[in-house]
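Okay, so here's the structure we're looking at.
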Amino acid sequence: MNGNLMIKSIVENDMCIGCGMCAAQCKSDAIKMKMNKFGFYTANVDDSYAINEDIINVCPFNPNPNDKLKTENEIAKIFLNQANKQHIKIGRYINTYAGYSNKNRLTSSSGGIATYTLTELMRRGDIQHVISVKAGSNSVHYKYTVSSSVDELASAAKTRYYPVTLADALKIAMKLDGKIAIVGVACFIKAIRLAQVHDPIFNDKIGFLIGIICGGVKSAFFSEYLSSKSGVSAYEFAQPEFRIKDISSTASDYSYGCLDKDKNQRTIKMRSVGDMWGTGLFKANACDYCDDVTTELADLSLGDAWLEPYIKDGRGTNVIVSRSLLADEIIKTGIKNGDLVIDELSEQQFLSSQQGSFNHRHDGLGFRIKSGKTISSIIPEKRFDDVKLTPLPKIVQILRMRTREKSLISWLNTKNAKAFDSEMELSLFFLRFFTKINHYQRAVIRRIKGF
Ligand SMILES: Cc1cc2nc3c(=O)[nH]c(=O)nc-3n(C[C@H](O)[C@H](O)[C@H](O)COP(=O)(O)OP(=O)(O)OC[C@H]3O[C@@H](n4cnc5c(N)ncnc54)[C@H](O)[C@@H]3O)c2cc1C
């Protein structure tokens, strides 16, 4: 199959995550990243060019990867050989921590370790440019942007649950002198590692990767829906803010906010909207076939410390996995000079901070593959696909897949939170009902087994 057909087949089967690595690596303008009608970036191929089939080698969802690059395990062996520990679910690593940056915590999503680390890398001269996510023009809201100074970096803090693509920023950064650090979710980090394997110039330029632990990439519909929920039309909102902290409450009690057409900020507490993550609402299909919960291929992986006692603190705390010596040194130096407040975490504590994601992404993976929702020939080889589910979790998986798909179609048709909620009511009711009894069943089994 030629490159044109390969890319088209990944896009048509909803397995393109929009990272844009194929467009960035393509020497011509034959591949352009465009947002599709469901609010996701996908690769658009211009058939007047013949795209070399090798282009598929940088796709994180390439269904037929080379044996030496089959899964995250093989790729980690190439890049993370300084890591002295290994765990089947965490990957190769040096240390696991929880903590925050004194300076960056309040202006960041969790503990501000991402912004702190990027600033330190730049200040120390380890890297000269950062590719991270900043505000874009009005209709784009957020996009990957190159920062080449510490001052420019400041506006790139905070998590944006909004589709972004790397292609344009990568093309710009590759023309600059000096090393680059990139922040990305697991599939984007995998695409970068694959490009490093296949392109020595690219390998030379990349100095550091920060992995954002990700529970699923959201469509642009997510912010349209939340804006509508907060009382602003889906067509008229600006500057969506996904993680407005309530420092007098718990870490998970954050709000969404946006500006209305008169530039007044409207906010809504996320807990009043209901579960946006476990239900799979507005999530990309490809995320259901990703088994990398902890961004196993980054130098430093960062997430939210969804565990006691950190979850009680509304100012936010990161979980941290260091995987390269440079990453670990930055954390240890920060602790020593008082910039960072950090505890060491056990493997078990770290794992429990992402338990929900492991349950869905690992335990449900084999069933989702077998369900045939996505044709198996387009799904790359996966780890963790041999877990056998009992009937109840199988029902939850089926309902989640349906809810995810229905949410995208419903929002496309309604573009209004009230109408959407009414269309989704029954699906969400059954999903919540079966999820609840599934949790109850799991708790009973745990009690019987004594753990
Ligand atoms: C789509 C998504 C899903 C997530 N799901 C989970 C989860 O399930 N569990 C969990 O523990 N944590 C999750 N997170 C991560 C968490 O929200 C924080 O981003 C992370 O803890 C880093 O916090 P920080 O305070 O160190 O980052 P900050 O200092 O606030 O910096 C955030 C960095 O991330 C970059 N960034 C923002 N948006 C994006 C984006 N869309 N893609 C790539 N980079 C971006 C920013 O440019 C900045 O460099 C998710 C993040 C995203 C973007």
Practice problem: Go through (1) open to solvent by less than 40 Å² (accessible area, probe 1.4 Å); (2) of a type in the set (Ser, Thr, Tyr); (3) within 16 Å of the ligand (Cβ to nearest atom) and name the single condition Ser227 misses. | Solution: (3)
Practice problem: Looking for whichever is more than 15 Å from the ligand (Cβ to nearest atom), aliphatic (A, V, I, L, M) and open to solvent by less than 30 Å² (accessible area, probe 1.4 Å) here; the options are Leu166, Leu194, Leu170. Which one fits? | Solution: Leu194
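Could you tell me whether Lys68 is in contact (Cβ under 8 Å) with a residue 24 or more places away in the chain and on the phi < 0 side of the Ramachandran plot? Reasoning before the result, please.
Details: in contact (Cβ under 8 Å) with a residue 24 or more places away in the chain: no; on the phi < 0 side of the Ramachandran plot: yes.
Considered against the rule, which asks whether it is in contact (Cβ under 8 Å) with a residue 24 or more places away in the chain and on the phi < 0 side of the Ramachandran plot, Lys68 comes out as no.
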Quiz prompt | Entirely in region 253-330, the strands (runs of 3 or more DSSP E) that have 1 or more residues that are within 11 Å of the ligand (Cβ to nearest atom), farther than 30 Å from Ile369 by Cβ and in contact (Cβ under 8 Å) with a residue 40 or more places away in the chain | solution = 300-304, 318-322
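Of the residues Leu340, Leu399, Leu351, which single one is within 21 Å of the chain's Cα centre (by Cα) and either among the aliphatic types (A, V, I, L, M) or modelled with pLDDT under 95 (or both)?
On the way: Leu340 fails: within 21 Å of the chain's Cα centre (by Cα); Leu399 fails: within 21 Å of the chain's Cα centre (by Cα).
Matching residue, one of Leu340, Leu399, Leu351: Leu351.
Residues that are among the polar types (S, T, N, Q) and open to solvent by 10 Å² or more (accessible area, probe 1.4 Å): does region 282-303 have at least one? Please lay out each step first, then the result.
Filtering region 282-303 down to residues among the polar types (S, T, N, Q) leaves 285, 294-295, 301.
Then drop every residue that is not open to solvent by 10 Å² or more (accessible area, probe 1.4 Å), which leaves 285.
Yes: one or more hits.
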Practice problem: Could you tell me whether region 395-413 includes any residue that is of a type outside the set (Lys, Arg), in contact (Cβ under 8 Å) with a residue 24 or more places away in the chain and outside any helix (DSSP H, G or I)? | Solution: no
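Every residue, every condition in (1) closer than 20 Å to Gln25 by Cβ; (2) crowded, with 24+ Cβ neighbours inside 10 Å; (3) more than 9 Å from the ligand (Cβ to nearest atom); (4) modelled with pLDDT of 95 or more, yes or no:
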residue	(1), (2), (3), (4)
Leu118	no, yes, no, yes
Ile127	no, no, yes, yes
Glu152	no, no, yes, no
Lys205	yes, no, yes, yes
Self-check item: Cross-chain or 6+ apart pairs with Cβ under 6 Å, region 103-117 first and acidic (Asp, Glu), then near the ligand (Cβ under 6 Å from one of its atoms)
Solution: none
Practice problem: Could you tell me which residue of region 19-40 is most open to solvent (accessible area, probe 1.4 Å), considering only residues that are under 19 Å from the mean Cα position of the chain (by Cα) and either closer than 14 Å to Ile56 by Cα or of a type in the set (A, V, I, L, M, F, W, C) (or both)? | Solution: Met35
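Okay, residues lined up against (1) among the aromatic types (Phe, Trp, Tyr); (2) in contact with a Cys (Cβ under 7 Å, 6 or more places away or on another chain); (3) open to solvent by less than 20 Å² (accessible area, probe 1.4 Å):
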{"residue": "Glu344", "(1), (2), (3)": "no, no, no"}
{"residue": "Gln349", "(1), (2), (3)": "no, no, no"}
{"residue": "Arg361", "(1), (2), (3)": "no, yes, yes"}
{"residue": "Gly366", "(1), (2), (3)": "no, no, yes"}
{"residue": "Ile369", "(1), (2), (3)": "no, no, no"}
{"residue": "Lys373", "(1), (2), (3)": "no, no, no"}
{"residue": "Pro380", "(1), (2), (3)": "no, no, yes"}
{"residue": "Arg383", "(1), (2), (3)": "no, no, no"}
Self-check item: Restricting region 129-150 to residues that are within 11 Å of the ligand (Cβ to nearest atom) and open to solvent by 40 Å² or more (accessible area, probe 1.4 Å), the residue that is farthest from Met35 (Cα to Cα)
Solution: Ala135
Quiz item: If a residue has to be out of contact with any strand residue (DSSP E or B) (no Cβ under 7 Å at 6 or more places or on another chain), of a type outside the set (A, V, I, L, M) and crowded, with 17+ Cβ neighbours inside 10 Å to count, how many in region 316-331 make the cut?
Solution: 1
Quiz item: Tally time: how many residues in region 87-113 are more than 10 Å from the ligand (Cβ to nearest atom) and either of a type in the set (Asp, Glu) or touching a Phe, Trp or Tyr at 6+ places or on another chain (Cβ under 8 Å) (or both)?
Solution: 6
Quiz item: Taking into account only those residues within region 207-224 that are touching a helix residue (DSSP H, G or I) at 6+ places or on another chain (Cβ under 7 Å), of a type in the set (A, V, I, L, M) and open to solvent by less than 10 Å² (accessible area, probe 1.4 Å), which is nearest to Lys68 (Cα to Cα)?
Solution: Leu209
Quiz item: Within region 80-94, can you find the residues that are under 21 Å from the mean Cα position of the chain (by Cα) and within 29 Å of Val341 (Cβ to Cβ)?
Solution: Leu80, His87, Lys89, Ile90, Gly91, Arg92, Tyr93
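The values are calculated or read from the model by the stated rules, or taken from the named source; none is laboratory data. Everything numeric here is computed off the predicted structure, so don't read it as measured data. Glycine gets a Cβ as well: all are built from the backbone with ideal geometry, and neighbour counts include every protein chain shown. We work out accessible area using only protein heavy atoms, side chains counted, and drop any ligands, DNA or RNA first. Shrake-Rupley method; radii C 1.70, N 1.55, O 1.52, S 1.80 Å.
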